[in-house]
Every structure is written in C-alpha cells, then in structure tokens.
Amino acid sequence: MAVFEVHRGTSPVILGFPHTGTDVPALIWERLNDNGRILADTDWHIHELYEGLLPEATTVRATFHRYVIDANRDPEGASLYPGQNTTGLVPETDFDGVSIWKDGEAPTEADIATRLRDFHAPYHAALAAEIERVTAIHGVAVLYDCHSIRSHIPFLFEGKLPDFNIGTDMGKTCAAEIEKATVEIAASAEGYTSILNGRFKGGWTTRHYGRPEIGVHAIQMELAQSTHLTTEAPPFSLDSAKADRLRVHLKAILKRIETTAFALKLTGSEA
C-alpha cells in the first residue's frame, strides 16, 4: 500500500496529516485485539475537515494508522511529555490506557525497526521534501500540523480539553507573528474555547521541523473532536453542521498564516 499521499501546491503553507490514516496491514491487524481494532485514536475526518480551505496549500498525509507506528513520535522513542501519561512510537495501549494487542502479540524491537523503515521514514522523507521544495520557491515555509483528539480522556488530561489547542513548543517552532495570528483568530471564534501551549505543545513533527531562524516555521493545531463529530465514540461520524461552522474559523486561520508567511518573506523577519 502507499504509505503517504502528497498534493503539491504553490502556497508557503503545508498541511501535515500524520494521524488520519486507517490502513493496517493484514499481518499487523491479526495481532490487534478487539479493542485495538476499533482504531479509536484516529484523528477522525481531519483531512476532510481541512479539504479546500486553502486550495494552494501542499498536503502530506500518512495513510497508515498510528497503531502501526505513530508518525508524530520521535523515531528514537523519546517521550514528548516526560512524566505524563502518553503513548509511544508504537503504542501498547489506547488513549484510555487499555491494551490494543492480543496477549503475546505486542510489537518487538525488530517490529518497530521494520515499521520505522517502511512507514515512519517514508512519510517524513515526503514531508521534508515538500518543506524543502516550498522553501526554495518562497524563501519561507509554514508546516501546519493537523490533529484532533477526544475532548475527555482522563488517562491523558483532567477535565474537558479546549476546542482549539495550539502548540508551538513555547514559541520555539515558529515566528511570533504566526503564533499571534493563529491565537487571535482562535480566541475570537465565537462559541469556541482555545489555549496556547496547554496540554499539547506541539508533537515531534512540529518540534523537529520548526526552525524559524532559517525560515521554516511549524505549528500544531489539536482540535477537540467534540467540535466536529456527532459523538466521540464509534462510529465517530462527522457532523456536517458542526464541521461547516468550524471550517469558517479554520479557513480564516490558514489564510492569516499564509498572509503572515508572505509578510515574513518580504521583511526578512523570519531570520
């Protein structure tokens, strides 16, 4: 199977989709238990939610599921949030801390090495190539990493997650202008809540690629799934009315980021 999909655009903005894929090779599927086969931790419908909002943006999407290997984790296995509950490079549990593998079928070190080679590395090679291509065209690139998660997951965080969770690793991964533009639109979206660098401060993708000093910026948007799903439980259906309402604000964010990127290029302030 193709492990990633790329749509090349002419905008300085690149949309990354590491967690919307649901493909699981048959040999791996056979090792998942009934809980794992629900694929509950998918970023459900996120690539559909963003479709067409910024037509000239480049998109890079992983087609494989995060239970195969998580494309937004450090390939060395280092935790993004030391001391907090999270899931690893190849998860052993779901976001509720419940096992996803049949007894004796959890991935071995050899399995992980194979999946790094066959899935994680090709996705990131494609993403890196598009960042290089876009930077060569514009002198600046903005990777906007698209995510979603259930709004209530006691294993990972207390209470209800805000609707817009913006991550820049405490301002390290993008210019202040890009962070400010995103925060302002999210904060002004009527009926929604937002936070900057709260529980989610940007995953490995954002932290790895965000190098504002060389004109490559990265920002993560983690949306609460209550903003666009009918219910945050199987079958995880998209609510078209919720989605249409949300898309207005996401489009405004992407357009502002694009405008800001062009301004950074003109002023040279990305350096």
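Quick notes on this one:
- Residue that is nearest to Ala129 (Cα to Cα), among those in region 43-60 that are open to solvent by 60 Å² or more (accessible area, probe 1.4 Å) and of a type in the set (Asp, Glu): Glu56
- Top-ranked residue in region 77-134 [being more than 18 Å from Asn33 (Cα to Cα) and hydroxyl-bearing (Ser, Thr, Tyr); ranked as least open to solvent (accessible area, probe 1.4 Å)]: Tyr123
- Taken together, the criteria exclude Thr10 from residues that are buried (at least 16 other Cβ atoms within 10 Å of the Cβ), in contact (Cβ under 8 Å) with a residue 40 or more places away in the chain and not hydrophobic (A, V, I, L, M, F, W, C).
- Whether a residue is under 30 Å from Val134 (Cα atoms), at pLDDT 95 or above and either surrounded by 17 or more Cβ atoms within 10 Å (Cβ to Cβ) or not charged (D, E, K, R) (or both) was assessed, and Ala40 does not pass this test.
- Output for region 135-149, where each listed residue is open to solvent by less than 10 Å² (accessible area, probe 1.4 Å) and touching a helix residue (DSSP H, G or I) at 6+ places or on another chain (Cβ under 6 Å): Val140, Ala141, Val142, Leu143, Asp145, Cys146, Ser148
- In region 150-230, counting only strands (runs of 3 or more DSSP E) that sit wholly within it, the ones holding 3 or more residues that are open to solvent by 30 Å² or more (accessible area, probe 1.4 Å) span 194-196.
- Residue match in region 70-79 (condition: free of Cβ contacts under 8 Å to residues at least 60 places away in the same chain, within 14 Å of the chain's Cα centre (by Cα) and assigned to a loop (DSSP other than H, G, I, E, B)): yes
- Residue within region 144-157 that is touching a Leu at 6+ places or on another chain (Cβ under 9 Å) and modelled with pLDDT under 95 present: no
- Screening Ala121 against (1) in contact (Cβ under 8 Å) with a residue 40 or more places away in the chain; (2) among the small types (Gly, Ala, Ser); (3) touching a strand residue (DSSP E or B) at 6+ places or on another chain (Cβ under 9 Å) leaves a single unmet condition, (3).
The values are calculated or read from the model by the stated rules, or taken from the named source; none is laboratory data. Computed from a predicted model, the values in this text were never measured in an experiment. Reconstructed Cβ throughout: ideal geometry from the backbone, glycine too, with neighbour counts over all protein chains shown. What goes into the accessible areas is simple: the full protein's heavy atoms, side chains included, and nothing from ligands, DNA or RNA. Shrake-Rupley method; radii C 1.70, N 1.55, O 1.52, S 1.80 Å.
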